[in-house]
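Working notes, structure below.
The values are calculated or read from the model by the stated rules, or taken from the named source; none is laboratory data. Computed from a predicted structure; not experimentally measured. All Cβ positions, even for glycine, are placed from backbone atoms using ideal geometry, and neighbour counts span all protein chains on display. Ligands, DNA and RNA are excluded from the accessible area calculation, which covers all protein heavy atoms including side chains. Shrake-Rupley method; radii C 1.70, N 1.55, O 1.52, S 1.80 Å.
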Amino acid sequence: ALSPDPRYLYLSPQHREALNCLIYGIGEKKGLMVVTGGIGTGKTTLCRALLAGLDGATATALIFNPALSDLELLRTINQEFGIPLGRGKGTKKRYLDALNAFLMANFAAGKNAVLLIDEAQNLPHSVMEQIRMLSNLETVREKLIQIILLGQPELLKLLALPSLRQLNERITVRYDLKPLAREDVRHYIDHRIVTAGGT
């Protein structure tokens with residue numbers, strides 16, 4: 001199947017390095033991370049493998065559909081983290097306050113929080129600005145939320161725009177997945193056959 005099953009992830013040297021970079025960034029609470037690569041280079045499967053490997057001390061939120069407004073993004077993040085809003089209208093301030101309270105309680109309990117946004121090259125400018133604001137959520141020493149943007153090469157062009165300079169400068173971990181080398185293609189096929197139960 002074409003669905004991103006982490007069991008089928010073939011960890012080529014570059015995929016292993018990308019995964020290690022993300023694990024490092026999360027563990028060290030680096031804040032904002034970006035993984036780019038062409039269609040089919042394994043970004044989403046890598047993302048699933050990363051989530052599967054995180055322990056119970058890390059709260060996670062995964063967003064697949066980035067075609068959201070800034071308010072919808074906040075609502076979706078809170079839903080993914082399981083943050084109740086209570087009664088009343090869902091305003092941007094209420095969502096942000098609820099998220100910040102959750103992250104502070106999470107931090108006090110010695111836990112981490114990770115937000116992954118797939119297909120991030122499709123994010124509107126207003127949402128990119130909202131992500132920059134989320135990256136401001138921190139204590140004196142460290143970030144309260146680790147944000148990972150996964151996207152096609154167009155994401156790099158988007159981040160390079162002058163209007164997104166502040167966001168681009170906050171990215172602490174970057175990795176660009178390249179197509180597999182010839183020898184890795186052989187190992188990739190073998191890995192998938194064996195994982196599927198073949199010989």
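Restricting to segment 82-103, give me the number of residues that are open to solvent by 80 Å² or more (accessible area, probe 1.4 Å) and more than 18 Å from Glu72 (Cβ to Cβ).
1
Sort out for me the strands (runs of 3 or more DSSP E) sitting completely within segment 29-126 that have 3 or more residues that are touching a Pro at 6+ places or on another chain (Cβ under 9 Å) and within 30 Å of Leu9 (Cβ to Cβ).
Correct list: empty, since no element meets the threshold.
Of all residues in segment 58-77, how many are among the hydrophobic types (A, V, I, L, M, F, W, C) and over 16 Å from Glu119 (Cα atoms)? I'd like the intermediate steps shown before the answer.
Just the residues of segment 58-77 that are among the hydrophobic types (A, V, I, L, M, F, W, C), to begin with: 59, 61-64, 67-68, 71, 73-74, 77.
Still in the running and over 16 Å from Glu119 (Cα atoms): 59, 71, 74.
Looking only at that region, the number is 3.
Which one is farthest from Leu149 (Cα to Cα) among residues in segment 117-138 that are over 14 Å from the mean Cα position of the chain (by Cα) and buried (at least 18 other Cβ atoms within 10 Å of the Cβ)?
Among those that are over 14 Å from the mean Cα position of the chain (by Cα) and buried (at least 18 other Cβ atoms within 10 Å of the Cβ), it is Leu137.
Which one of these does Arg141 not meet: (1) open to solvent by less than 70 Å² (accessible area, probe 1.4 Å); (2) assigned to a loop (DSSP other than H, G, I, E, B); (3) charged (D, E, K, R)?
Among (1) open to solvent by less than 70 Å² (accessible area, probe 1.4 Å); (2) assigned to a loop (DSSP other than H, G, I, E, B); (3) charged (D, E, K, R), Arg141 violates only (1).
Under 8 Å between Cβ atoms, at least 6 apart or on separate chains: pull out the pairs that start in segment 63-80 with a residue that is farther than 24 Å from Asn106 by Cα and end on any residue that is open to solvent by 70 Å² or more (accessible area, probe 1.4 Å).
From segment 63-80, the pairs are Pro66/Asn122; Ala67/Asn122.
Hey, among Leu158, Leu164, Leu180, which residue is surrounded by 12 or more Cβ atoms within 10 Å (Cβ to Cβ), at pLDDT below 95 and part of a loop (DSSP other than H, G, I, E, B)?
Sole residue among the options that is surrounded by 12 or more Cβ atoms within 10 Å (Cβ to Cβ), at pLDDT below 95 and part of a loop (DSSP other than H, G, I, E, B): Leu180.
Does Gly27 satisfy being open to solvent by 40 Å² or more (accessible area, probe 1.4 Å), within 27 Å of Val140 (Cβ to Cβ) and of a type outside the set (A, V, I, L, M)? Give the derivation first.
Working: open to solvent by 40 Å² or more (accessible area, probe 1.4 Å): yes; within 27 Å of Val140 (Cβ to Cβ): yes; of a type outside the set (A, V, I, L, M): yes.
Yes, satisfied.
Given the condition touching an Asp or Glu at 6+ places or on another chain (Cβ under 9 Å), open to solvent by 30 Å² or more (accessible area, probe 1.4 Å) and modelled with pLDDT of 90 or more, answer yes or no: does some residue in segment 48-60 qualify?
Checked against the condition, which is being touching an Asp or Glu at 6+ places or on another chain (Cβ under 9 Å), open to solvent by 30 Å² or more (accessible area, probe 1.4 Å) and modelled with pLDDT of 90 or more, segment 48-60 yields at least one hit.
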